[in-house]
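Following: one structure in structure tokens, then a few remarks.
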Amino acid sequence: MDTDAQLTERDPASDPAQGLERRSRFARFRSRTAQLRYRPVTLLVLCLAFLFLLSTFVAQPFLIPSTSMENTLRVGDRVLVNKLAYRFGAGPRRGDVIVFDGTGSFVHREQGENPVTGLLRTAGAALGLARSDDTDYVKRVIGVGGDHVTCCDKRGRIDVNGEPVTEGYLHPGDAPSAVPFDIVVPAGGLWVMGDHRSRSSDSRDHLGQPGGGTVPVDKVIGRADLITWPVGRWSTIDTPGSLARIPAPAGPHG
């Protein structure tokens, strides 16, 4: 029998080199398939990580949980909070709508929360899908450090440094305040109030507590600049000129 013919007619499947090559091709195929399968998951994780970093350091969506800022902000609105607004020296101005941590000023108790629940809520809040901490508030700045804020004058208006304020942003039918007050805002503090005065728990409700109802500037998370959702409510949140034109305090008050 011809030996060359025997070699030619031998089953290719019995060739170890060819079997190894087929296994190598199959392994490469499986590797590419696995890469394609996990690529969307990897992209999703990267996107979520980017959004979390953006929310932590630059701008965070914030879900409005109450009626205290109506009609400027309504329950269910998502606002974009600019975390860089006061990062480079500029402080909150009168009329700014801010989000702040009320711990130590509006909240004087420990907040207990399941760690897993807290993590899920934090992740949801970072994406604007859930409300933020129970200690986070959204209010309008009425007075800054050194301002003398009083209520009310003979026409029922709030005065800041002796100047009456026309508050066109108030909820229809609301008075500037049903609670009289007279306060000089300490340096580094803010006097804040909701636009729906009859439904807002704000600086007025904490006059007898540490800080006298004022919020430390370093507790401000950022400035609410934009309503992003629902689509029909899309708009910027502007600072009213009536507060922006208030003069600086003339000097110390007795």
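Before moving on, here are some points about what is shown:
- Accessible-area rank, largest first, for HIS196, HIS171: HIS171, HIS196, with all protein chains present and a 1.4 angstrom probe.
- Partner lysines whose Cα lies under 24 Å from the Cα of LYS83, excluding those fewer than 8 positions away in the same chain, are identified as LYS139, LYS219.
- Accessible area (Å², 1.4 Å probe, nearest 10) - ARG199: 150 Å²
- Net charge of neighbours whose Cβ lies under 14 Å from the Cβ of GLU163, counting Lys and Arg as +1 and Asp and Glu as -1: 0
The values are calculated or read from the model by the stated rules, or taken from the named source; none is laboratory data. Only a predicted model underlies this, so the values are computations on that prediction, with no experimental measurement involved. Glycine also receives a Cβ, built like all others from the backbone with ideal geometry; neighbour counts cover every protein chain displayed. Protein only, heavy atoms only, side chains kept; ligands, DNA and RNA dropped before computing areas. Shrake-Rupley method; radii C 1.70, N 1.55, O 1.52, S 1.80 Å.
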